[in-house]
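Quick notes on the structure that follows.
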Amino acid sequence: MSSPIPSARETRPLGRVGSEPPDSGAAYLLVMEGDSSWRFTLPAEGTVLVGRDEPADLRLKDESVSRRHARILVTEEGARVVDLGSHNGTLVNGRQVEGAHLLLSGDVLSFGGVVAVVRARVRSVAARRTLESERLMEHLREEVDRALRYGRPLSVLVLALPDSPSASRESVEALLTAEAGPAEAVGWLDAAHLLCVLPEVSGEPGEEEFGERMEALLTAFPRARLGTAACPTDGCDADTLVAVARTAAQAAKPGRAAAAAEGATRLDLAGRTVLVADPAMSQLYALLRRLAASELPVLVCGETGVGKENAAFAVHHWSRRGTGPFIAVNCAALPEGLVESELFGNEKGAFTGATTSRAGLLESAQGGTVFLDEVGELPASAQAKLLRALEVRRITRVGDTRERPIDLRVVAATHRDLEAEVAAGRFREDLYFRLGAATVLLPPLRERPREVPLLARDFLARACLALGRPELVLAADTLHALSRHAWPGNVRELRNLMDYVAAAVAGDVVEPHHLPPRMMGRKGAAPVAGAESAPEAGRAVAAPEAGARLPLAQELRELERRRMMEALDAADGVQTKAAALIGMPIRTFSFKLKQLGVQVRPGRRGPTTE
């Protein structure tokens with residue numbers, strides 16, 4: 001059952017609960033109840049009571065939630081959820097909670113009909129560990145650090161058992177113990193998900209050992225699902241890799257395996273493409289689709305560049321007004337003194353320069369949707385007139401006395417905390433309630449680590465296509481640098497960066513030194529990424545500014561690349577022989593070739609780049 005429209009205090013659209021600011025790094029839940037979403041910050045340590053009772057810390061209104069529904073226990077070892085005998089149960093990723101269930105970043109909690117996505121704070125694991133899953137996650141963190149530090153392949157595999165598994169945990173463990181290599185680690189994330197950590201395995205299609213492992217598991221457990229993820233292609237930290245592999249397992253068909261890319265959804269919105277992979281974003285776009293069926297005004301909150309216009313357009317596209325106009329209005333860019341004329345139109349002679357009568361932006365959206373971006377920037381006079389227009393569904397042009405009917409839906413967006421703006425007297429409370437009947441909070445890109453490599457590759461491919469050049473490859477260290485960046489400009493900043501490297505990088509691989517200094521914590525001007533040095537092993541590489549030196553790690557990679565190319569040339573392109581010549585494992589050799597964008601053609605002497 002849908003809950004009543006939340007009040008301003010209850011929705012908290014920009015998500016401050018307690019004293020923690022949104023960017024403090026604290027763990028939180030992105031809660032979606034009824035028509036709105038908001039952020040609930042979890043304490044560093046302590047308990048959170050979830051329910052409809054007055055004493056509840058996370059108080060929900062949906063009638064499917066019990067009065068005392070669940071309790072979240074937060075310690076330095078992590079967060080766990082316990083169901084308190086609720087009527088409709090507590091679920092994690094669609095499965096009923098039994099006992100104290102460990103929560104990982106990206107888990108989807110269900111309290112009756114209310115959904116909450118977990119965003120866990122990155123923390124070091126305490127020396128005392130009692131849960132098998134915690135020991136396994138610590139091992140995975142160590143392997144991720146090793147893979148990134150030394151450029152080694154690493155894959156993870158999540159086996160999702162069916163709801164009523166015919167096999168016991170013991171039989172699964174026995175099979176994996178018999179099959180596992182000496183460097184592998186296996187353990188349970190929870191009662192239904194098994195995690196395999198596979199060092200020195202790239203997870204590429206056709207990789208013999210990886211394929212054999214998946215085949216053995218699916219043969220033994222034909223109704224199970226498998227999800228795979230690789231570092232750094234799909235993530236550069238343990239929590240992201242696990243979340244990616246688990247999402248891929250959910251997307252797989254019974255008895256089949258799915259790679260990380262299959263856990264992402266590409267939404268086609270009438271020519272606009274939105275790539276969604278983060279669990280919170282998947283849930284939010286599902287909420288937007290439900291809201292689209294109504295005529296409720298929607299307020300989209302989030303930082304600048306986070307994708308608010310795409311969210312607004314999704315509401316328009318999925319609504320019955322999808323065939324009508326979508327008019328986007330940047331309220332912050334409306335000329336001072338002409339705001340009312342731009343919004344409501346004007347009659348000829350209404351003011352100096354008004355040589356003709358013209359319809360305003362609201363009138364132009366007739367039958368469709370108007371998107372009021374940065375609505376918090378509207379002056380007080382325009383706020384009052386907008387409120388009346390929305391209430392009576394009629395507008396009056398500047399210089400006219402006649403009211404004209406309007407038939408439109410309003411979706412507004414802001415990066416400001418409108419509740420604070422109301423308290424400060426800078427925004428009308430009645431207009432806030434009118435626009436925020438349904439509130440959707442979009443998390444910033446830094447809290448959606450799964451989407452960073454996906455979006456980077458997608459934006460880079462589009463930019464290369466627009467320039468008519470072959471696609472560039474993002475090196476492993478470059479993906480790592482992108483994953484560590486705070487992205488103050490969010491998705492817009494990432495897209496602009498990929499446009500830049502597509503135009504500026506002369507070679508085939510985007511290395512960390514091609515990125516602006518702020519991405520690597522460096523000072524000084526950015527290197528001239530497009531400058532060419534002498535071609536090396538058949539490829540042009542970008543050179544730094546005169547007198548500058550590459551970072552030591554980059555020089556070592558260039559040396560390694562040169563040795564690999566020389567070995568391939570000496571081995572007539574046979575990778576096994578080339579790897580043996582320089583004493584490198586063949587799996588690592590093949591993995592690094594792919595990272596370098598090198599294609600080896602059998603029967604020809606030496607490598608080529610494409």
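Quick notes on this one:
- Look at region 283-300: where a residue is open to solvent by 40 Å² or more (accessible area, probe 1.4 Å) and a partner is part of a helix (DSSP H, G or I), sitting 6+ places away or on another chain with Cβ atoms under 7 Å, you get ARG289/TRP318.
- Among the residues of region 241-279, just one is touching a strand residue (DSSP E or B) at 6+ places or on another chain (Cβ under 6 Å), part of a helix (DSSP H, G or I) and closer than 16 Å to PRO443 by Cβ, namely PRO279.
- If you go through region 563-592 and keep only what is under 15 Å from TYR150 (Cβ atoms) and charged (D, E, K, R), you end up with ARG587, LYS592.
- Pairs with Cβ under 7 Å, 6+ apart, first in region 219-235 and aromatic (Phe, Trp, Tyr), second assigned to a loop (DSSP other than H, G, I, E, B): PHE221/LEU161; PHE221/ALA167
- Positions within region 436-494 being within 17 Å of PRO516 (Cβ to Cβ) and touching a Cys at 6+ places or on another chain (Cβ under 8 Å), in sequence order: LEU472, LEU479, HIS480, SER483, ARG484
- Restricting attention to region 312-347, the residues being modelled with pLDDT of 85 or more, small (Gly, Ala, Ser) and open to solvent by 40 Å² or more (accessible area, probe 1.4 Å) number 3.
- Members of region 561-591 found to be open to solvent by less than 10 Å² (accessible area, probe 1.4 Å), of a type in the set (Gly, Ala, Ser) and under 20 Å from LEU154 (Cβ atoms), listed by number: ALA579
The values are calculated or read from the model by the stated rules, or taken from the named source; none is laboratory data. Everything numeric in this text was worked out from a predicted model, so none of it was measured. Here Cβ is always computed from backbone atoms with ideal geometry, including for glycine, and neighbour counts include all displayed protein chains. Remember, those area values only see protein heavy atoms, side chains included, never the ligands or the DNA or RNA. Shrake-Rupley method; radii C 1.70, N 1.55, O 1.52, S 1.80 Å.
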